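The values are calculated or read from the model by the stated rules, or taken from the named source; none is laboratory data. These figures come from a predicted structure and were not determined experimentally. In this analysis, Cβ positions are derived from the backbone assuming ideal geometry, glycine residues included, and neighbour counts consider all displayed protein chains.
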Amino acid sequence: MLQDDWWPRTGGGPVHVKELSVTLAENFDHEIDIYTRALQQDGDQYKQTEQFVDGAVTLHRLGPCTEYWNPIGRVASMAAPLPKLFTGDYDIIHGHTFLPAMPTRLGKAVTDASTVFTVHGTAITSGVGRDTSKLAGAKLRIERQFVLGFDYDHVISVNNEHVGMLSDHHTDVSCIPNGVDLDRFSGDLERGSDILFLGRLAPKKRVSDLIRAFAQLEAEFLATDLIIVGTGPQKEELVGLANDLNIDDRVVFEGRVSDEEVTRHYASAGVFVLPSVWEGHPLTLLEAWASGAPVIATSVEGIEEFVEHGETGYLVPPKSPDELAEGLRLALEDPEEARKWGENARKLVEAEYSWEGVAERTHQLYTDIA
């Protein structure tokens, strides 16, 4: 397995790779090496080797050890796994996300291993407006080459929306969605009335829309606070926005919390909100569903195909604080109706989104192409 980022950087990619690898080892006796980057954050270095499932899964952090966005570290991450792949005698090389496309493709060229590449979400379909940096165009061209231009034995998309586009460029494409740990998120705490966001504080998540929406109704629901869990580049900007709107006493920035605190937040939240402008297949959506939390989310790529409006959640247009506020008002005024969304969603994840099911489909794919 090849994955660009790992803890302490949080995101769906590391969770997917770890949970899939562990379940493949436990249920199908696979032996798996995960190659990722050694990372540095807040003065600490994360470069140790870790093992799971009694050594059947080994995580290798490859140097140089840099901050995540350090260009030397990002470029090196495409070359560092190659010596391991060439000497590892692997049956399958499975790359995930973006930069691992390069070593996955080179592994196909110089080894006997079959290659799989999983697309967890891509800016190709609607890249305009997602990245406003000067290098946005160049990065999009590189991503297009990595995702569409390279040859793999099989390509997986975590959502159905990208299957058609990928099939135009690859012979074998399938959709295998993310999974969720049903046991971990089956808490039975008393559900309150707070509004929860949990995720990376980055532009695509549009947490600013949620803060603006909350400002419209906070005076109506005095027992309700907005709880924001996570870290990211927009933290100070979002704190400033809450101050500017005079709701800083009602908006709680929790930062990064423990796994136990994550499950507690999902189990006790009155409603979980995902206001993104795009997603692949968000693990936070599945985690909230597995916890039985009512969900309000935007009707965008990577979300709307999974949420049945009014049944397993409530959908609102993206970039619309006004309509998001109306959705929140509905959930808070009628908590029994909102709880039905959560109950229906829990049944859905039990039926369709277990890691055991994801691993079984992945194992069958490996068997077919190896």
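Restricting attention to region 154-210 and to residues that are in a loop (DSSP other than H, G, I, E, B) and hydrophobic (A, V, I, L, M, F, W, C), the residue that is surrounded by the fewest Cβ atoms within 10 Å (Cβ to Cβ) turns out to be L189. With respect to T231, is the statement that it is within 20 Å of D183 (Cβ to Cβ), of a type in the set (V, I, T), surrounded by fewer than 24 Cβ atoms within 10 Å (Cβ to Cβ) and within 19 Å of the chain's Cα centre (by Cα) true? It is false that T231 is within 20 Å of D183 (Cβ to Cβ), of a type in the set (V, I, T), surrounded by fewer than 24 Cβ atoms within 10 Å (Cβ to Cβ) and within 19 Å of the chain's Cα centre (by Cα).
Within the set A267, A223, the sole residue that is touching a Gly at 6+ places or on another chain (Cβ under 9 Å), surrounded by 18 or more Cβ atoms within 10 Å (Cβ to Cβ) and in contact (Cβ under 8 Å) with a residue 24 or more places away in the chain turns out to be A267.
Scan region 332-353 for residues that are at pLDDT below 95 and either outside any helix (DSSP H, G or I) or among the small types (G, A, S) (or both) and the total you get is 1.
Test R256 against the stated conditions and say whether it is modelled with pLDDT under 95 and charged (D, E, K, R). Here the answer is yes, as R256 does meet what is asked.
Considering V273, V307, the condition of being among the aliphatic types (A, V, I, L, M) and free of Cβ contacts under 8 Å to residues at least 40 places away in the same chain is satisfied by V307 alone. Among the residues of region 211-220, those that are assigned to a helix (DSSP H, G or I) and surrounded by fewer than 22 Cβ atoms within 10 Å (Cβ to Cβ) comprise R212, A215, Q216, L217.
Every residue, every condition in (1) surrounded by fewer than 17 Cβ atoms within 10 Å (Cβ to Cβ); (2) closer than 16 Å to V180 by Cα, yes or no:
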| residue | (1), (2) |
| --- | --- |
| E308 | yes, no |
| P317 | yes, no |
| W341 | no, no |
| A351 | yes, yes |
| E356 | yes, yes |
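When region 36-64 is examined, which residues are found to be assigned to a strand (DSSP E or B) and either outside the structural domain of K108 (by TED's automatic domain parsing) or surrounded by fewer than 16 Cβ atoms within 10 Å (Cβ to Cβ) (or both)? If the condition is that a residue be assigned to a strand (DSSP E or B) and either outside the structural domain of K108 (by TED's automatic domain parsing) or surrounded by fewer than 16 Cβ atoms within 10 Å (Cβ to Cβ) (or both), then Q41, D44, Q45, E50, Q51, G63, P64 are the ones that fit.
One line per residue, one yes/no per condition, for (1) touching a helix residue (DSSP H, G or I) at 6+ places or on another chain (Cβ under 8 Å); (2) outside the structural domain of L330 (by TED's automatic domain parsing); (3) assigned to a helix (DSSP H, G or I); (4) not acidic (D, E):
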residue: L222; (1), (2), (3), (4): no, no, no, yes
residue: T231; (1), (2), (3), (4): no, no, no, yes
residue: V239; (1), (2), (3), (4): no, no, yes, yes
residue: A242; (1), (2), (3), (4): yes, no, yes, yes
residue: I247; (1), (2), (3), (4): yes, no, no, yes
residue: F253; (1), (2), (3), (4): yes, no, no, yes
residue: V257; (1), (2), (3), (4): yes, no, no, yes
residue: V262; (1), (2), (3), (4): yes, no, yes, yes
